[in-house]
Amino acid sequence: MEITVQWVKTSWTKESRGGEAAALRNAAPVGFALPPTDVEFGHFVSMREEDGFLPRESEKARRQIDVSLKEEGGRLRVLPRVDPYCGLPPRRRRPPAVRLEPGQWVRWQLNYRFSSFTGRQDWSYWLDTFNIAYGPVDREVFLSEPTFLVDETGPVR
């Protein structure tokens with residue numbers, strides 16, 4: 001069965017935590033039309049503060065995308081992988097994996113915050129949005145409402 005993966009990564013600093021810069025960041029899309037691509041690759045879109053949150057599209061090998069994908073009993077098990085020591089804001093607990101049936105898709109969002117080990121660099125932040133579809137889809141699937149939405153974002157103060 002076909003598996004379609006899109007990873008949207010939005011990154012910023014304290015400069016985009018308020019005002020016009022934050023409005024621009026918050027207006028950044030979380031889903032894009034898919035380019036023609038090989039099934040072994042995922043569609044990667046990066047939007048960075050220093051580029052004015054303009055989308056930069058490329059491909060990444062699916063093994064480079066931190067999402068566990070496993071077909072089980074005619075369904076696709078989806079669970080993003082996270083390092084518990086890797087900049088996660090406080091959260092109660094991780095939600096369980098989502099199991100997609102053919103024709104369904106999930107949008108899963110996680111956010112992170114970082115500082116330098118010495119504390120000499122300001123905080124930086126990023127939002128990962130994983131759009132994963134199971135089965136054949138059209139190029140604009142991730143512009144519609146997902147079957148499942150998992151919001152695993154936490155406070156980034």
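Computed quantities for the displayed model
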{"quantity": "Candidate lysines for bridging to Lys60, where Cα separation is under 23 Å - those fewer than 8 sequence places away on the same chain excluded", "calculated": "Lys9, Lys70"}
{"quantity": "Loop chymotrypsin sites (Phe, Trp or Tyr not before Pro), the range 1-97, which have at most 12 other Cβ atoms in a 10 Å radius of their Cβ (DSSP)", "calculated": "Tyr85"}
{"quantity": "Residue exposure sequence - Thr10, Thr4, Thr153 - by fewest surrounding Cβ within 10 Å", "calculated": "Thr153, Thr4, Thr10"}
{"quantity": "Percentage relative contact order, the chain, counting C-alpha pairs under 8 Å, at least six apart", "calculated": "30 percent"}
{"quantity": "Value of Rg to Rh for the chain (Rh from inverse mean 1/r over Cα pairs, i.e. Kirkwood)", "calculated": "0.97"}
{"quantity": "Percent antiparallel among DSSP beta bridges (both partners in the chain, rounded to 5)", "calculated": "75 percent"}
{"quantity": "Unit charges on C-beta of K, R, D, E only; dipole of the chain, Debye", "calculated": "780 debye"}
{"quantity": "Whole-percent pair-distance distribution, where bins are 5 Å wide, for the alpha carbons of the range 17-70", "calculated": "4, 17, 22, 19, 16, 11, 7, 3, 0"}
{"quantity": "Ranked list, fewest to most other Cβ atoms within 10 Å of each Cβ, for Met47, Met1", "calculated": "Met1, Met47"}
{"quantity": "Additional length obtainable on full extension of the chain from Met1 to Arg17, 0.36 nm per residue less Cα span", "calculated": "1.6 nm"}
{"quantity": "Once exposed loop GluC sites (Glu not before Pro) are cut out (DSSP; at most 11 other Cβ, 10 Å), longest piece of the chain", "calculated": "41-139"}
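Each value in this text was obtained by applying a stated rule to the coordinates, not by laboratory testing. These figures come from a predicted structure and were not determined experimentally. For neighbour counting, all protein chains shown are included, and Cβ atoms are generated from backbone atoms with ideal geometry for every residue, glycine included.
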